[in-house]
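For reference, the structure discussed in these notes is given below.
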Amino acid sequence: MSTTITEKVRASLGKRYAREKRFRAYGFISIALSLMFLVLLMFNIFSKGLPAFSSTYIKLDVTLDAQTLGVTADATPEQLRTASYNSVVQKGVQALFPAVEERKQKKALKSLVSGDAQYELQRMVLADPKLIGTNQTVWVLADDDIDMFHKGYVDRTAPEADRRIKDFQLVWLDKLEAEGRIDSQFNTTFFTRGDSREPEQAGILSALMGSVYTMSLTLLFAFPLGVMAAIYLEEFAPKNNFWVDFIEVNINNLASVPSIIFGLLGLAVFIQIFGMPRSSPLVGSFVLTLMILPTIIIASRAALKSVPPSIREGALGIGASKTQSVFHHVVPLAMPGILTGTIIGMAHAVGESAPLLMVGMVAFIVDVPHGITDPATILPVQIYLWADSPERAFTERTSAAIIILLAFMILMNLLAIVLRKQFERRW
Amino acid sequence: MTEATLNMAAAAPQTHKPAAGGREEFAHDITGTVGKPFLDGKDTKFFSRGVNVFYTGNKQAIFDVNVDIGRNEVIAMIGPSGCGKSTFLRCLNRMNDTIAGCRVTGDIRLDGEDIHGKEQDPVLLRARVGMVFQKPNPFPKSIYDNVAYGPRLHGLAANRAELDEIVESSLTKAGLFKEVKDRLQTPGTGLSGGQQQRLCIARTIAVSPEVILMDEPTSALDPIATATIEELIDELRQSFTICIVTHSMQQAARISQRTAYFHMGKLVEVNNTKTVFTNPQHQLTENYITGRFG
Amino acid sequence: MNTLGILLTLSVLAAFSYYIGRKRSLALATPAKRGGNNLHSLPGYYGYLVAIWCGIPALIILLLWSVLSDSIITQMTLAHLPTELQNQSGDQVSLISNQIRNLVANGIETATDPAMKVAAEEYSRLQGISNMAKTVVVLVLAIIGFAIGMRFIKPTTRARNQVEHVIQYVMILCAAVAILTTVGIITSVLFESIRFFGQVPATDFLFGTHWSPQTAIRADQVGGSGSFGAIPLFVGTLLISAIALLIAVPLGLMSAIYLSEYASPFVRAYVKPALEILAGIPTVVYGFFAALTVAPFIRDVGAMIGLNVASESALAAGVVMGVMIIPFMSSLSDDVINAVPQAMRDGSYGMGATKSETIKQVVLPAALPGIVGAFLLAASRAIGETMIVVMAAGLSANLTVNPLEAVTTVTVQIVTLLTGDQEFDSAKTLAAFALGLALFVVTLILNILALQIVRKYREQYE
Ligand SMILES: Nc1ncnc2c1ncn2[C@@H]1O[C@H](COP(=O)(O)OP(=O)(O)OP(=O)(O)O)[C@@H](O)[C@H]1O
Ligand SMILES: [Mg+2]
């Protein structure tokens, strides 16, 4: 190499290393951006959602006198149920601020506490009718606006017209605060109730149970179906057979068909043709089963493929039938991989919502579903429904529901890891 | 000690101790190698003393290699599989830097310049010391672009005409031009194995390196293609220094002036090719060339 | 008994059959001298054989009955309806049958129309009979099966082979579900689409530029026919997908390059799973984030620099969707980049190329087919993504390519048309299936193309 060439190369080096540095920086920035988004998303969800795990309560002194309630202690349970607890609550609230006279303010006073307050009293009385005629001190749920104020989301300095809490309410709340009548407690409602139009009374239990039903059924259908299909395709299917190839093409394509298409299938076939009950976990699980089947089959096949042929030959060599060698030796060895694939598929299904909108699992469900054919909704769809509500308190609960959903997904992934470890030790 | 970093821009590994100036380096312990490993400073192209190479997990592949490589000579490196021929060859243009966890110590100089020196640069070094690999590895580009790759990278051609000229002369020197001149724009991967290897040689000489390292360049080729490449090597000797690793002792005998025999990471013997094959001084060398090895 | 009860009883019966069959085979066997006996198969297989005979035919009948009984009962009920109700159009009849079913579900007392009340009573009577009959038939069949199975128990019966055959058929059936699913998707979507195109010409759908299906609910409204020009939806879908890909492809690709070529093993070990978290987050969460955080943010930024940004801008949905696709793109690219042989990189380094030169000029061109495949899969993902756009993109079918305006997409419209109260046969709901068909066809083509390209690419370096 002549020195001129060495010089030429040397001359180009500075620029080339600058380009090298820049390229490397692009890569670094890409990763940083992606991770930053992840952090931002998590921070956003958690900062919005964590406050939802507590809710605001107001201490009321109520008089459960028979006259206001319209029933006596020896009334039938039915009478007790329909007694006028609402008036008791109203009196209790008014007792806090006896001076309030103006109509608008009186109305505002009533809505200081949640609509749930009267049911709280009802529950107390139904549990112990002897309470009638006594004075009681109860902590009742505050209205969601009060809840938001107490959590510090209301800016006192903002112009009154922009606030949901008006000046006179501020005075009340300050007084309650001073008297120790307002307090934050763990939000049990969120975990023990179904959906509600009132954010402070809304909970995820019905959606959670819907998810549990739907996912259990999905697992029940998808696991055996997927594993059997995978075993057949990997171990028994003839090679170069048109139908077998066709099945494989189908599986590969189904793996990337948009999920909403499975919803259309569910609507047209399961609901319209087979007349299965709309909105039910049963139909939902059918749709999800078909959706995650390719994932399970592909993962299971990979797991089966990775079992060395010597295992099969060994089993066949000692006189086992092909089926025995597969089911007794190959499948147990492939189990960790199969389970991992199944759990990945299930984790996908747990977070899926689009196809379930199609089969009507998007209903307003207050009651906890009691069976696989009851109308139900699931956690992601509940999130979708709440996300649509304008109230700030719903935003908070949506984020909280997301936290629960993410917790489930993390749990499932941990389960996958633990299961894999277990099996690894055994085999 | 840090690992040889993946980053091409990295300065020399800290493990390296530049030898003191003067001829002090000749005092290095050379008891390991028999024959004539040194050229006594005359026309030395590559100078290596005390070279050790470690792979991941401190697994040492090369032990204290001391040898000189002369200008415009063909030196053949032979030895049983896994003895470290490739590893040593890759030290000479710092290709080992690209292997994660690989660490090189010792003193290697090209024309008296320490190749691990601070002012040295792996990119420049590799432009000066080209490499041809065992398996032909043309880039997924046209034949023309394959050969033009180096000149373009290093900015060796001022314009298209110059580039054309470089490509043509490199292909001609590699004895490939006649065969491919009508299809310079077709993919290089479409050539036969022998043609691909000659393309890789053309690609290497397009940047006019001073040294060409060849790692078993003909092991994937048939005898005819091998013969073509051997002829080529003989011609290239006029303008380049060539280090070639080969498993074929006949090949070593045919094309090289000097031969180095490696055994289990140690350089056992270096001598004129004729001497090595007719009168080996070390028992291991004799065992190997007479086929009594393993 | 309801279906679940029957199923449970059936399982108990099958378990019982297994137990009896196994015992019986052992009782019939002659013990051999050196341990073992003269049975052809292990006793368990005889048990399975009996259990199969007991369970499978009964199960098949149970399934068929459950699937078919509803439509048969409906037909029978409708046949008893007064003639003036019977002689109505098909749409009306299906509406009536729906009403009857609702009545039965919600309590017959709620019925107002006496004719309907009669029909509902008839329906629930037939349902009762059907349930009775189903229970009896299935259980009797199970017992008959058990008896037949027991007769097969002889030492010479090749029980294992027979059981294995059955298992084999069951497995084939499971594998065939994949075909059934595809067939189900195609027929349901295609069938409803054909009905839709019977009402709205296909050319109007494919080339019309005005989309307002809402007007089609009531025929008495002005413009009651509704307009089903899907071009604004297609354009909206493409716009949002393009924004998403503009984010996902460079970021995903560069992340993959950095991880596989630059990052230390330590960094790789932590960053890769972190990126995978991004892939595991449910899309409804992204949708929530897009609608409540990103969209307002973009609108505010726009307002600050004097741009008028819609609160449901295509940009917000596109950006968030892009982030969702990053890990998908990067893991696909990662596979593809790792498939490029090291020899090619060595060749380039050996010529004195820097790392980035090697990547840009050798690795990426070599990986190009695979990257194109990954791109197509990502595009198919973006086009079919539903929740993010449902929550963050609008419903207004604007024909625009301005990312700051609100657009709607195919998936958004499918969801809108099919959620809420619906009559199954209106043009409005059928339109959703036509959109579904378009979506299916496009994503199918993209997927097949991508899989083909990627496979060719892999073969090249195998
Ligand atoms: N990347 C690597 N990582 C770890 N060890 C390696 C690596 N490359 C080579 N080695 C080891 O270093 C030793 C020398 O290998 P090298 O490739 O230099 O041998 P060789 O003489 O070229 O053999 P061959 O004739 O088979 O090509 C061997 O033991 C080999 O296993
Ligand atoms: Mg080698």
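The values are calculated or read from the model by the stated rules, or taken from the named source; none is laboratory data. Note that the coordinates shown come from a computational prediction; the quantities given were computed from them, not determined experimentally. No Cβ is skipped: glycine too gets one built from the backbone with ideal geometry, and neighbour counts run over all protein chains shown. Side chains included, ligands, DNA and RNA excluded: accessible areas come from the protein's heavy atoms. Shrake-Rupley method; radii C 1.70, N 1.55, O 1.52, S 1.80 Å.
Overview of results
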quantity: Cα convex hull of the protein assembly as shown - mean projected area over all directions, nm²; calculated: 65.9
quantity: Reachable aspartates and glutamates, given that their alpha-carbon falls under 15 Å from the alpha-carbon of B:Lys45 and they are not under 8 places away in the same chain; calculated: B:Asp68, B:Glu73, B:Asp107, B:Asp111, B:Glu113, B:Asp114, B:Glu210
quantity: Highest-fluctuation residue, B:Gly117, B:Gly79, B:Gly155 considered, GNM on chain B with Cα pairs under 10 Å; calculated: B:Gly155
quantity: Residues with amide H under 5 Å from that of B:Val245, placed H, sequence gap 5 or more; calculated: B:Met77, B:Met214, B:Asp215, B:Glu216
quantity: Positive-end residue, the protein assembly as shown charge dipole about Cα centroid, Cβ charges, pick of C:Ile247, A:Val381, A:Leu316; calculated: A:Leu316
quantity: Selected from B:Asn146, B:Asn159, B:Asn272 as most flexible by GNM, with chain B as the system and alpha-carbon contacts under 10 Å; calculated: B:Asn159
quantity: Distance between modelled label sites at A:Thr6 and C:Ile61, nm, 7 Å Cα→Cβ extension; calculated: 9.6
quantity: For A:Ala142, residues with placed amide H under 5 Å, excluding near neighbours; calculated: A:Thr56, A:Tyr57, A:Ile58, A:Ser114
quantity: Cα centre as origin, Lys/Arg/Asp/Glu Cβ charges: the stretch A:2-50 dipole, Debye; calculated: 220
quantity: Alpha carbon centroid spacing (whole Å) that separates the stretch B:148-196 from the stretch A:56-128; calculated: 94
quantity: Residues whose placed amide H lies under 5 Å from that of B:Ser142, excluding near-sequence neighbours; calculated: B:Gly188
quantity: For the stretch A:2-50, with +1 on Lys and Arg beta carbons and -1 on Asp and Glu, the positive-most of A:Ala32, A:Met42, A:Ser12 along the dipole; calculated: A:Ser12
quantity: The stretch B:37-136 shape via C-alpha gyration tensor axes, a/c threshold 1.5; calculated: rounded
quantity: Virtual paramagnetic centre 7 Å along Cα→Cβ of A:Glu198, amide N under 18 Å, in the stretch A:101-137; calculated: A:106-126
quantity: Average accessible area per residue (Å²) across the stretch A:205-423 - probe 1.4 Å, nucleic acids and ligands excluded; calculated: 36
quantity: Extent along principal axes [Cα atoms of chain A; Å; largest to smallest]; calculated: 96, 75, 44
quantity: Accessible area of the stretch C:227-461 divided out per residue, in Å², using a probe of 1.4 angstrom; calculated: 33
quantity: Charge-dipole axis of the protein assembly as shown as Lys and Arg at +1 and Asp and Glu at -1 on Cβ define it, positive-most pick from A:Phe408, C:Val177, B:Ser192; calculated: B:Ser192
quantity: Most to least accessible of B:Arg103, A:Arg397, C:Arg455, B:Arg152 (protein chains only, probe 1.4 Å); calculated: C:Arg455, B:Arg152, B:Arg103, A:Arg397
quantity: Tensor-based shape of chain C (alpha-carbon gyration tensor, a/c under 1.5 rounded, otherwise prolate or oblate); calculated: oblate
quantity: Proximal lysines to C:Lys23, defined as alpha-carbon separation beneath 19 angstrom and excluding residues fewer than eight positions away on the same chain; calculated: C:Lys154
quantity: In Hz, Karplus ³J(HN,Hα) per residue of the stretch A:195-208 (6.51, -1.76, 1.60; θ = phi - 60°; x = Gly, Pro); calculated: 5, 8, 6, 8, x, 5, 9, 7, x, 9, 4, 5, 5, 4
quantity: Value of relative contact order over the stretch A:205-423, rounded to a whole percent, pairs C-alpha under 8 Å and six or more apart; calculated: 31
quantity: Chain-alone versus full-assembly comparison, the stretch B:145-159, residues with accessible loss of at least 30 Å² (1.4 Å probe); calculated: B:Tyr149, B:Leu153, B:His154, B:Leu156
quantity: Selected from A:Ala376, A:Ala25, A:Ala229 as most flexible by GNM, with chain A as the system and alpha-carbon contacts under 10 Å; calculated: A:Ala25
quantity: Surface share of carbon and sulfur [accessible, 1.4 angstrom probe, percent] for the stretch C:227-461; calculated: 67
quantity: Distance violations [Cα-Cα > 29 Å] among A:Lys21/B:Lys135; A:Lys48/A:Lys104; A:Lys48/A:Lys91; A:Lys59/A:Lys166; calculated: A:Lys21/B:Lys135; A:Lys48/A:Lys104; A:Lys48/A:Lys91
quantity: Whichever lysines have a C-alpha closer than 21 Å to that of B:Lys181, once near sequence neighbours (fewer than 8 apart) are set aside; calculated: B:Lys141, B:Lys173
quantity: Pairwise burial C:A, computed as accessible area of each alone minus the pair, summed, 1.4 Å, Å²; calculated: 6700
quantity: Distance violations [Cα-Cα > 26 Å] among A:Lys130/A:Lys151; B:Lys59/B:Lys274; A:Lys239/A:Lys305; A:Lys15/B:Lys85; B:Lys36/B:Lys85; calculated: A:Lys130/A:Lys151; B:Lys59/B:Lys274; A:Lys15/B:Lys85
quantity: Check: the protein assembly as shown dipole with +1 on Lys, Arg Cβ and -1 on Asp, Glu Cβ, in debye; calculated: 3360
quantity: Cα-centre dipole for the stretch C:227-461 with unit charges at Cβ (Lys and Arg positive, Asp and Glu negative), debye to 20; calculated: 560
quantity: Solvent-accessible ranking of B:Tyr55, C:Tyr123, C:Tyr48, largest area first, probe 1.4 Å; calculated: C:Tyr48, B:Tyr55, C:Tyr123
